[in-house]
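One structure below.
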Amino acid sequence: MDYTEHTKAENVAQLGWDPEDPHGINPHHGEHHHFIADWRMQVGVLAILLFFTFLTVAFFRVEVWAEVAFGIHLPGWVNIAGAMSIATIKGILVAAFFMQLKYDKVLNTFVLLFCLLCVGLFLGFSMIDLGSRHLVNPMAAGEISTGGTGVGLNSAPADEDFSVRMSPKVNTQGMGIIYEARLTGTDNKDHHYWGLEKFRNDPNHSEAEFWEIHYGDHATHRDPMDEHDYFTQLGFGHHAEESDANKSRGRTGLTPGIFSDVPVDDHGAHDSHDDGH
Amino acid sequence: MSTMTDTNPTDVPQSILKSPKHWRNRIAGHHWRSGDEEFDAAKLGMWLFLTTEVLLFAGIFCGYAVFRMMYPEAWANGSHYLDWKFGALNTGVLLISSWTAANAVRCAQLDKQFWLRVNIIVTIACAALFIFIKLKFEYMVKLGQGKAPGTFFSYPHAHDAHEPLWWSLYYIGTGIHALHVVIGAALFGVVLYYAKRYQAYGPTQYTLVENAALYWHLVDLVWIFLFPLLYLIH
Amino acid sequence: MSTLDTHAGHHDEGSYLSGPPGIMAKIWQWATTVDHKKIGVMYLFAVLFMFFVGGTAALLVRYELIDPMRDVITQSVNADGDLVETTTSTGENLRDLFSGLGVAGDLTGTQIYNRAFTLHGAVMVFMFIVPSIPASLGNFFLPVMLGAKDVAFPRLNLLSWYIYLFGSAFGILSILMGGVETGWTFYTPYSTTTDADHWRVVLMVTAAFILGFSSILTGLNFVVTVHKLRAPGMGWFDMPLFIWAVYATSIIQVLATPVIGITLLLLIFERIMNIGIFDPAMGGDPVLYQHFFWFYSHPVVYVMILPAMGIISELLAIHARKHIFGYRAIAFSSLGIAGVSFLVWGHHIFTAMGELAAILFSGLTFLVAIPTAIKVFNWIATLYKGSIVLNTPMCYGLMFLFTFSIGGLTGLPLATLATDLHLHDSYYVVAHFHYVMMGGTVIAFMGGIHHWWPKMFGKMYNEPGALIGMGLVFIGFNVTFFTQFFLGTQGMPRRYANYVDEFQTLHQISTYGSWILGLGFLVHLAVFVHSLIAGEKAPANPWGGLTLEWECESPPIEHNFHHEPIVKHGPYDFETTVPPHWDPKDYPIHPDAGKAAH
């Protein structure tokens, strides 16, 4: 069936739709409507574009001149905002008139705008990350020490026995920072802000009291600073038997364990090690 | 067929008139209902391709924005190294070439074959001028002073430790842009060849001219944004 | 009743597969074709070949992981009567395998393992899964389902295919030179500073760059085709859901792929010239590379899954003989997934990002689960009260619902900041993405291949054989990857060749599963080969489908349709329409079909 032999009117009458534009998207379809630009309009747009180029350079030169001659310091954003807005206007002129988006189907404009939206997302989120990576949430931060070991990229290389460098802010005497905080009470938990040291040295309070408060938060294993095993003395030791979900499974490999000081396949009654777990 | 009063249809020699590549003889692909549908589809396809080019440059703009945020002093210093005169001259050259490209489309629509070729030649000439200015007065000079990308940077009087990063982004941004200028000019070269040999473009068949012009306008658009970012902002 | 595709009034055309006589003429015809069907078939064979290459690499990876690397110290008494200790290393399985083949050189076992998993990832992502469904089934069926004769730009389609070949050649060259150890993600600073044979990294990165262009041009073609070449009577909401899915995929391909282009270009410049953008010593940021990389690679995972979801819509509706539930919801959720996919790339970088950005990305990642869930519920509702026939396509569709749901749900602990801290870069992530990519895309791809095989090649496949293959794939897949969730939560890191003894049992089980999985795909390969050689001739509409491709012959003629089809019913109106070319012996339909809808 070759529809093109009949006129558009005949086809519409017979079929109910126009074979060259079945969805009725383009009502002027049969008229071969192509927009032809007026040469005066094009020259005018070129003139405006060249003027804006002149303007953006002048803006910059005037700013430099004002700074040199009068010492006027405009804030940085003025420079960027001015240059970018002029560039945007120029861009819109080129897109709308030279690329004829103004006279074209809306879909093409939509394609360009959606693309620019994606560019905005890309730049925006990346800048949010790189701009805020150094920030720490103050609610969770508490007192910050600038690095647990005080070693940075510009530090001298570690000496031969890899001894720990002291942090400029906090000297932990080689202890881990968390344990240091728990000892001196700077770990910012409200009810034992006194720290273990203070409990030990205060005649009105005892170390057992400290550990009772500390273990009261559903402790499941003993803290390595707990030298007198208050964990078991105060009766928290039974937690260990309730669940072994957080323990390694018994070894079922083909050879004995790699780490010789870890016992093989016992449930529950494992030694606690000084490394903290 | 649209006819406006100022069309001067070109006289067509017989040899060209018989060629299947001549615009009067070209027909739409067999899977299209009409030539207009094909043209609209080709234009949509070109716009989609232009968005891929925009996103390609977006990576460079993202690098620029992120590092500008982190190293404002290096970025302020960077723009001082560049001579705004050459940048402004290049901007003007590209804007004029953009105008001639749009004019070329118009000439094809009006079957003005001679002016079509003139406009295309001027566009290509502007592209060559752009590359010439860039190479001779900018790249060669800067490279001679040691202001080179990355590991080749050897300018001894840099003020800020992160200036080599600015230079790297400068070379990559303008370099990839210059590559696109060359590609656009080559595309117009193809159009020129077919226009000269077969008068392949006319009021009903000017898809390639339109698409080459769209590509060229995009190249111009990217420069419109690159120029202030690199040369003017501090 | 839709227009049946009769031959009246036209000369007898052979199918698109018949060509000129002579082998050279046939090769020339296929090499220069602009017919979307031929290009689709070529892509199909290429991606299946790449799947086997990547799958072999996966089997090598799993073979290495079957036991950890150990030094075994044995004591023995030598000839002089002294006690000597000899140390032998065991568990370096790949090294033993390759040195047996004579190609190991002086690489350590870990280095060989690194190259194996990089090869697996790069081939699977760039050369198999991204082009898989759009370039093969999409190319073949998008125009046919729309009622068009070809895609919008047929020559661009051929160019896409050649760019794919060209890019793959670069990748294969890199592999033949020994491969790279960076992982398929090419993270800086390792990829920019690893100095072992400079050119292999550049080659592999260039391969990915070139393959990106193939992807862009295919996507561009499809978007314009869907806008411009629909048949009369087919509005946007009369299109099959496979088209909606491929359309959304194509939008992502066009917008996201250029960013990986510039990323890889910057990576090459960083490597060659040390431009400094990713180098902390020069003020750059290695995590910026990750932002650039994942801005593309996250949307690309939706490029992988969206066409698969489109196939599932087709499979479940046709093989359950029931109209799809919530057509518009599924259609809009395809677009919704495509849109939101651009907002969430940071969830791959949680452990390296600042807190504020991490919180934003985490919240947005939860958002993308919503349209996905809408689809799954709609599919289940589609099956409800349908007449399900458990043939291979339907079984793959059901398998998809199971495995993809597991994959999607296990993404949520990874989207949650607190749990991701522990699960990042562990085997949990590996299991998650294999469940969605393999349990999602590959399963749907297999279902789609079986569903459309009769149409593409005019031959039926052996159903019992395919069901056996499917069963092996199902069992093998779940054994391989379900165990990896446990490995991950227990702390096994990904991309490690060696591990502590505790993980060995699960690793062994996973490896045995991979062998079953491999066997399943070999069975499928055998069924396909047998079908092409000796399969029974397929009718035009073996499943009783209502979308336009079932109105063509099997296989279709060169121009797809004899006359431009006019669409007068919806693609899933099983209750009210008798399918074209339908033979009651092929497929039972509801007894009320053809009567007025109530």
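The values are calculated or read from the model by the stated rules, or taken from the named source; none is laboratory data. Only a predicted model underlies this, so the values are computations on that prediction, with no experimental measurement involved. A quick note on method: Cβ atoms are made from the backbone with ideal geometry, for glycine too, and the neighbour counts reach across all protein chains shown. Keep in mind that these areas ignore ligands, DNA and RNA; they rest on the heavy atoms of the full protein, side chains included. Shrake-Rupley method; radii C 1.70, N 1.55, O 1.52, S 1.80 Å.
In this structure, is residue B:121 touching a residue at least 12 places away in the same chain (Cβ under 8 Å), open to solvent by 10 Å² or more (accessible area, probe 1.4 Å), farther than 25 Å from residue B:83 by Cβ and aliphatic (A, V, I, L, M)?
yes
Quick one: is residue B:136 in a helix (DSSP H, G or I), among the basic types (Lys, Arg) and within 30 Å of residue B:199 (Cβ to Cβ)?
Judged against the criteria, residue B:136 is not a match.
Out of C:460, C:437, report the one residue that is closer than 16 Å to residue C:311 by Cβ and either hydrophobic (A, V, I, L, M, F, W, C) or under 19 Å from the mean Cα position of the chain (by Cα) (or both).
C:437
With the structure loaded, tell me whether residue A:199 is within 19 Å of residue A:181 (Cα to Cα), modelled with pLDDT of 80 or more and buried (at least 17 other Cβ atoms within 10 Å of the Cβ) or whether it fails that test.
Against the criterion (within 19 Å of residue A:181 (Cα to Cα), modelled with pLDDT of 80 or more and buried (at least 17 other Cβ atoms within 10 Å of the Cβ)), residue A:199 qualifies.
Going through C:182, C:192, C:188 one at a time, which residue ends up being part of a helix (DSSP H, G or I) and in contact (Cβ under 8 Å) with a residue 40 or more places away in the chain?
C:192
Considering only residues that are open to solvent by 10 Å² or more (accessible area, probe 1.4 Å), among the hydrophobic types (A, V, I, L, M, F, W, C) and at pLDDT 90 or above, look in segment B:133-171 and name the one that is nearest to the chain's Cα centre (by Cα).
My answer is B:135.
Just name the residue that is modelled with the highest pLDDT out of those in segment A:96-137 that are under 22 Å from residue C:345 (Cα atoms) and charged (D, E, K, R).
Among them, the one singled out is A:129.
Residues of segment B:87-116 being open to solvent by less than 50 Å² (accessible area, probe 1.4 Å) and more than 9 Å from chain A (Cβ to nearest Cβ), which ones?
B:90, B:93, B:94, B:97, B:100, B:104, B:107, B:108, B:111, B:112, B:113, B:116
I'd like the full set of residues that are open to solvent by 10 Å² or more (accessible area, probe 1.4 Å), among the hydroxyl-bearing types (Ser, Thr, Tyr) and either farther than 23 Å from residue C:550 by Cβ or touching a helix residue (DSSP H, G or I) at 6+ places or on another chain (Cβ under 6 Å) (or both), limited to segment C:297-332.
Hit for segment C:297-332 is C:302, nothing else.
Kindly indicate whether residue C:354 is surrounded by fewer than 22 Cβ atoms within 10 Å (Cβ to Cβ), free of Cβ contacts under 8 Å to residues at least 12 places away in the same chain, within 11 Å of chain A (Cβ to nearest Cβ) and within 22 Å of residue C:248 (Cβ to Cβ).
Against the criterion (surrounded by fewer than 22 Cβ atoms within 10 Å (Cβ to Cβ), free of Cβ contacts under 8 Å to residues at least 12 places away in the same chain, within 11 Å of chain A (Cβ to nearest Cβ) and within 22 Å of residue C:248 (Cβ to Cβ)), residue C:354 does not qualify.
Run residue A:32 past the list (1) at positive phi; (2) modelled with pLDDT of 85 or more; (3) not hydrophobic (A, V, I, L, M, F, W, C) and report the number of the one that doesn't hold.
(2)
Give segment B:53-67 a look and list any residue that's farther than 16 Å from residue A:113 by Cα and free of Cβ contacts under 8 Å to residues at least 12 places away in the same chain, or say none.
B:59, B:62, B:65, B:66
Among residues belonging to segment C:333-349 that are facing another protein chain (nearest Cβ under 10 Å) and touching a residue at least 12 places away in the same chain (Cβ under 8 Å), point out the one that is most open to solvent (accessible area, probe 1.4 Å).
Going through the qualifying residues, I end up with C:343.
How many of the residues making up segment C:217-274 are within 7 Å of chain B (Cβ to nearest Cβ) and among the acidic types (Asp, Glu)?
0
When you go through C:359, C:443, C:374 one by one, which is the residue that is at pLDDT 95 or above, touching a helix residue (DSSP H, G or I) at 6+ places or on another chain (Cβ under 9 Å) and open to solvent by 40 Å² or more (accessible area, probe 1.4 Å)?
Selected residue: C:374, the only one of C:359, C:443, C:374 that is at pLDDT 95 or above, touching a helix residue (DSSP H, G or I) at 6+ places or on another chain (Cβ under 9 Å) and open to solvent by 40 Å² or more (accessible area, probe 1.4 Å).
Conditions first: (1) in contact with a Leu (Cβ under 8 Å, 6 or more places away or on another chain); (2) part of a helix (DSSP H, G or I). Residue B:103 passes all but one, so which condition is the exception?
(1)
Quick one: residue B:122 ticks every box in (1) modelled with pLDDT of 95 or more; (2) in contact with a Leu (Cβ under 8 Å, 6 or more places away or on another chain); (3) away from every other protein chain (no Cβ under 12 Å) except a single one, so which number is it?
Failed condition: (2).
The rows are residues; the columns are (1) within 18 Å of the chain's Cα centre (by Cα); (2) assigned to a loop (DSSP other than H, G, I, E, B); (3) free of Cβ contacts under 8 Å to residues at least 24 places away in the same chain.
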{"site": "C:174", "(1), (2), (3)": "no, no, no"}
{"site": "C:204", "(1), (2), (3)": "no, no, no"}
{"site": "C:208", "(1), (2), (3)": "yes, no, no"}
{"site": "C:227", "(1), (2), (3)": "no, no, yes"}
{"site": "C:230", "(1), (2), (3)": "no, yes, no"}
{"site": "C:244", "(1), (2), (3)": "yes, no, no"}
{"site": "C:255", "(1), (2), (3)": "no, no, no"}
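Filter segment C:266-281 down to residues that are part of a helix (DSSP H, G or I) and either closer than 10 Å to residue C:193 by Cα or open to solvent by 10 Å² or more (accessible area, probe 1.4 Å) (or both), then give me how many there are.
Matching residues across segment C:266-281 total 8.
Each row is one residue, and each column tells you yes or no for (1) under 29 Å from residue C:70 (Cα atoms); (2) in a loop (DSSP other than H, G, I, E, B).
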site	(1), (2)
C:103	yes, yes
C:106	yes, yes
C:112	yes, no
C:117	yes, no
C:120	yes, no
C:135	no, no
C:139	no, no
C:145	no, no
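Residues C:471, C:488: which one is more than 12 Å from every other protein chain (Cβ to nearest Cβ), assigned to a helix (DSSP H, G or I), small (Gly, Ala, Ser) and over 24 Å from residue C:111 (Cα atoms)?
Result of the check over C:471, C:488: C:471.
Give the residues of segment B:40-86 that are outside any helix (DSSP H, G or I) and either within 11 Å of chain C (Cβ to nearest Cβ) or among the β-branched types (Val, Ile, Thr) (or both), sorted by residue number.
Passing the criteria: only B:71.
Regarding segment B:19-38, can at least one residue be identified that is open to solvent by 10 Å² or more (accessible area, probe 1.4 Å), away from chain C (no Cβ under 14 Å), hydroxyl-bearing (Ser, Thr, Tyr) and not in a helix (DSSP H, G or I)?
yes
Being aromatic (Phe, Trp, Tyr) and open to solvent by less than 10 Å² (accessible area, probe 1.4 Å) is the filter here; which residues of segment C:113-141 pass it?
C:113, C:128, C:140, C:141
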